[in-house]
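**Q** Would you mind keeping the following structure in view while I ask a few things?
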Amino acid sequence: MTDTRTPHDPWQWLEQRDHPDVIAWLEDENQRSDIWFSQHQDQREDLFNEIRGRIRETDLSLPACKDGWLYYQRTEAGAEYPRYYRCRQTSSTDLKVDTESEHCLLDLNELAGDDFLQLGELSISPDHRQLAYSLDRQGDETYQLFVLEIASGNLRELDLPAADGSLLWAADSQTLFAISMDHTSRPATLWRLQDGQPAVQVFHEADQRFYLNAYRSACEDWLFIACDSKNTSEVWLLPADSPTTPPHLIRPRRDGHEYSVDHGMDQLWIRSNQAGENFALYVADPRSPTQWTLYTPCSAEQTLEDFHVQQAGLILQYRDQGLVTLRVQAGTRSYGVQMPDAVYSLHIQGGEDYASPRVRLRYESLNRPAQIRALTLASGEQTVLRETPVEGAFDAAEYRVERQWATAADGTRVPISLVGLQASFQHSAPLMLYGYGAYGASMDPWFSHARLSLLQRGWIFAIAHVRGGADMGEYWYQQGKLAYKENTFSDFIACAEQLIASALTSPQQLAISGGSAGGLLIGNVLNQRPDLFAAAVADVPFVDVWNTMNNPDLPLTVGEYEEWGDPRVPEVAARIKGYAPYEQVKAQVYPPLLVTAGYHDMRVQYWEAAKWVAKLRSLKIDDNPLLLRTQMAAGHGGASGRYQAMREVAEEYSFLLAVIPHVKP
């Protein structure tokens, strides 16, 4: 190994979790942020009230249908968390809640108090008599497991240390499967749990690159155990009605071969990249699961991103030119599903039984709140079951949504999705450019109630669909990882330059934002082109990537080698060190910067943000604000309560409005 951790790192002491000096330093930084806001047009409370005013605080979710029951949740004004209910379904098509038979299954408000609380899994037994659920009370993604006997109210906690929160019932309604994590917080071991009996180990994944997952098939006849690394898969199956049967391997792992499996219409359905990176679909008999027959070949133009099987038909989900498209095969009929907007987000959402003739789609756009649509598979008819309300004055037609394209240094065209008031596009305006670009995660355009506070003040919001995500298909992901990681950063800079060249904004009005691996993106481009941006927000940023990748004992590090590379290889070490934001901080002018961290974050340790801020403050040659906000009782996702989450967004917006001129459209 030619390189190790950063030599003579003056800020390494901040990695001493729970040390009084570290706690004091973080709390001092929080106080510094509070003082700055108090002196710079603090709009946090006004923004919080605006955001809260757009949310229907007392509301009822769209019920999910299951075996004659309706399952749903209620939110109430002033309550941080939802309450979970069920009632009897009066008919197969009626989704109306029967308050006479309504029963509260779980009230997270009672369980949380004033502390952090995150619900992991909420799983009803097949006979609908027991409810299994998991709770994270700290933010470190370690869960306690519980089973509630609904009729009696008896509650028992399951003894499984280091549980990852997942819960899966066998068909007997007595057997639960759960997964525990190893010392690096990697889901690694599957256990069979039965009341009054010791836990039985069913499966263990020893390879540190692989993460374990278990799930039930669409038709609910089979249970699957999936082992996945960043580029390789292996799946095992066992019958749901025989939970003690040893799992049966479907196809042995082979480096680079990714596949996923489901069961419905009496056969296994297998999405695989064995014939090409855009994936093909195969079928197999569960009694001979190694024998695959090609069903849908690999396409050269679009990626088969996912599939969904119902008794009434099959839905193929493709990624085509930056958008999700759906193709339905129901009986002898095959058709594409049409959507009303040019730029949108779309995915298949649960809530219907396998035998239902329809599926539910979740659909939204940058100016259209999320809709739940029922798609009748046989006819293709769509019905809007529910649209998330926006309280107060809101008209989607007042907002312009468009797509632009930037040209990267290598000639690649990179899409940008934008939204703003119609008038904001008529002159140079403040603009927030958001990016992520990692793990093949696609940043499909989404609606935000909170974002309206920026848009109504004349801002434009844009998403840079950079390589490293899979926004343009599997190839897009492969061209933004490992040896091609620099494409992520150059794509983002090209998007910023395109927005400036098109006169939508200027370097004095352009803010950038990203979180986690997107925070790495923000840190890198700030080092490269600080002159291009007026402000930046980095949420739980993965900026100390060099030191983290050199510490295999940290949570999840070894599994990340297939995304970033193994630093024990000299050329990989040089590459990572060359783009790592913390390593590349230099004595230059940096724009105003707000950084957030979660003290209990196990994905990106709090000290990455803390060390980065400390190093920036010691080297930068300007007086621009540099703020660090550490949530001392939260993890990677920030605060757990909905009002607390609104306050976090309000703080970020207040920061941006203070450092970038307020322009009315």
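The values are calculated or read from the model by the stated rules, or taken from the named source; none is laboratory data. On a predicted model such as this, the values are computed, not experimentally measured, just so you know. Glycine gets a Cβ as well: all are built from the backbone with ideal geometry, and neighbour counts include every protein chain shown.
**Q** I'm trying to understand the selection: among the residues of the range 303-322, which are surrounded by fewer than 19 Cβ atoms within 10 Å (Cβ to Cβ) and under 28 Å from MET472 (Cβ atoms)?
**A** ASP306, ASP320, GLN321
**Q** Among strands (runs of 3 or more DSSP E) lying entirely in the range 268-356, which contain 1 or more residues that are farther than 30 Å from PHE461 by Cα and acidic (Asp, Glu)?
**A** Values: elements: 280-285, 288-296, 303-310, 313-320, 323-330, 333-336, 345-349.
Once the strands (runs of 3 or more DSSP E) in the range 268-356 are filtered for at least 1 residues that are farther than 30 Å from PHE461 by Cα and acidic (Asp, Glu), what remains is 280-285.
**Q** Looking for whichever is of a type in the set (A, V, I, L, M, F, W, C) and either modelled with pLDDT under 95 or more than 22 Å from GLU149 (Cα to Cα) (or both) here; the options are LEU111, LEU135. Which one fits? Quick ask: steps written out before the conclusion?
**A** Values: LEU135 fails: either modelled with pLDDT under 95 or more than 22 Å from GLU149 (Cα to Cα) (or both).
Unique residue meeting the criteria: LEU111.
**Q** Given the conditions (1) surrounded by 19 or more Cβ atoms within 10 Å (Cβ to Cβ); (2) touching a residue at least 60 places away in the same chain (Cβ under 8 Å); (3) closer than 24 Å to TYR606 by Cβ, which single one is not true for MET181?
**A** For MET181, the failing item is (2).
**Q** Residues to consider are ARG86, ARG44, ARG52; find the one that is among the basic types (Lys, Arg), farther than 30 Å from GLN631 by Cα and at pLDDT 95 or above. Working first, answer last.
**A** Working: ARG44 fails: farther than 30 Å from GLN631 by Cα; ARG52 fails: farther than 30 Å from GLN631 by Cα.
Answer to the selection: ARG86.
**Q** Okay, next question. So which pairs qualify, if the first residue must be in the range 187-198 and more than 21 Å from SER125 (Cβ to Cβ), the second must be of a type in the set (Ser, Thr, Tyr) and part of a strand (DSSP E or B), the Cβ gap must be under 9 Å, and the two must be at least 6 apart or on different chains?
**A** PRO187/SER166; PRO187/SER180; PRO187/TYR211; ALA188/SER180; ALA188/TYR211; THR189/SER180
**Q** ALA438 is checked against (1) closer than 30 Å to PHE279 by Cα; (2) modelled with pLDDT under 95 and fails just one. What number does that condition carry?
**A** (2)
**Q** So, one more: Scan the range 604-618 and tell me whether some residue there is closer than 19 Å to GLU45 by Cα and either assigned to a strand (DSSP E or B) or not acidic (Asp, Glu) (or both).
**A** Taking the range 604-618 as the starting set, the residues that turn out to be closer than 19 Å to GLU45 by Cα are none.
No, there is no match, as no residue in the range 604-618 is closer than 19 Å to GLU45 by Cα and either assigned to a strand (DSSP E or B) or not acidic (Asp, Glu) (or both).
**Q** Of the residues that make up the range 523-542, is at least one more than 24 Å from TYR606 (Cβ to Cβ), in contact (Cβ under 8 Å) with a residue 40 or more places away in the chain and small (Gly, Ala, Ser)? Give the derivation first.
**A** Narrowing the range 523-542 to residues more than 24 Å from TYR606 (Cβ to Cβ): 528-534.
Then keep just the ones that are in contact (Cβ under 8 Å) with a residue 40 or more places away in the chain; that gives 530-531, 533-534.
If we keep only those that are small (Gly, Ala, Ser) too, we end up with 534.
Yes: the range 523-542 contains one or more residues that are more than 24 Å from TYR606 (Cβ to Cβ), in contact (Cβ under 8 Å) with a residue 40 or more places away in the chain and small (Gly, Ala, Ser).
**Q** Select from the range 268-302 the residues that are loosely packed, with under 15 Cβ neighbours inside 10 Å and farther than 18 Å from ALA470 by Cβ and list them in ascending order. Before the answer, list the steps.
**A** Here is the first cut: in the range 268-302, the residues loosely packed, with under 15 Cβ neighbours inside 10 Å are 275, 277, 285, 287-288, 290-291, 293-294, 297, 300-301.
Residues satisfying the conditions are ALA275, ASP285, ARG287, SER288, THR290, GLN291, THR293, LEU294, PRO297.
**Q** Among ALA240, ALA342, ALA284, which is touching a strand residue (DSSP E or B) at 6+ places or on another chain (Cβ under 8 Å), within 29 Å of GLY380 (Cβ to Cβ) and touching a residue at least 40 places away in the same chain (Cβ under 8 Å)? Give the steps one after another, and end with the answer.
**A** Values: ALA240 fails: within 29 Å of GLY380 (Cβ to Cβ); ALA284 fails: touching a residue at least 40 places away in the same chain (Cβ under 8 Å).
After ruling out the rest, the residue left standing is ALA342.
**Q** If you scan the range 65-111, which residues turn out to be part of a loop (DSSP other than H, G, I, E, B), in contact with a strand residue (DSSP E or B) (Cβ under 7 Å, 6 or more places away or on another chain) and of a type outside the set (A, V, I, L, M, F, W, C)?
**A** Residues satisfying the conditions are GLY68, PRO82, GLN89, ASP98, SER101, GLU102.
**Q** Within the range 47-106, restricting attention to residues that are of a type in the set (Phe, Trp, Tyr) and crowded, with 18+ Cβ neighbours inside 10 Å, which residue is nearest to LEU657 (Cα to Cα)?
**A** Of the range 47-106, the ones of a type in the set (Phe, Trp, Tyr) are 48, 69, 71-72, 81, 84-85.
Checking which are crowded, with 18+ Cβ neighbours inside 10 Å leaves us with 48, 71-72, 81, 84-85.
Working: PHE48: 14, TYR71: 41, TYR72: 38, TYR81: 29, TYR84: 38, TYR85: 41 Å.
Applying the filter and picking the extreme gives PHE48.
**Q** Which count do you get for residues in the range 229-243 that are part of a loop (DSSP other than H, G, I, E, B) and either among the small types (Gly, Ala, Ser) or under 23 Å from the mean Cα position of the chain (by Cα) (or both)? Step through it out loud before you land on a result.
**A** From the range 229-243, those part of a loop (DSSP other than H, G, I, E, B) are 229-232, 240-243; that's our starting set.
So of that shortlist, the ones also either among the small types (Gly, Ala, Ser) or under 23 Å from the mean Cα position of the chain (by Cα) (or both) come out as 229-232, 240, 242.
Total meeting the criteria: 6.
**Q** For the range 180-226, how many residues meet the condition of being in contact with a Lys or Arg (Cβ under 7 Å, 6 or more places away or on another chain) and either in a strand (DSSP E or B) or β-branched (Val, Ile, Thr) (or both)?
**A** Within the range 180-226, residues that are in contact with a Lys or Arg (Cβ under 7 Å, 6 or more places away or on another chain) and either in a strand (DSSP E or B) or β-branched (Val, Ile, Thr) (or both) number 4.
**Q** In addition: Tell me, please, whether a residue that is surrounded by fewer than 18 Cβ atoms within 10 Å (Cβ to Cβ), touching a Lys or Arg at 6+ places or on another chain (Cβ under 9 Å) and part of a loop (DSSP other than H, G, I, E, B) can be found in the range 622-637. Spell out the reasoning first.
**A** At the first step, the residues of the range 622-637 found to be surrounded by fewer than 18 Cβ atoms within 10 Å (Cβ to Cβ) are 622-624, 632-633.
Then keep just the ones that are touching a Lys or Arg at 6+ places or on another chain (Cβ under 9 Å); that gives none.
The answer is no, given that none of the residues of the range 622-637 is surrounded by fewer than 18 Cβ atoms within 10 Å (Cβ to Cβ), touching a Lys or Arg at 6+ places or on another chain (Cβ under 9 Å) and part of a loop (DSSP other than H, G, I, E, B).
**Q** Count, please, the residues in the range 484-511 that happen to be within 20 Å of VAL537 (Cα to Cα), assigned to a helix (DSSP H, G or I) and not small (Gly, Ala, Ser).
**A** 9
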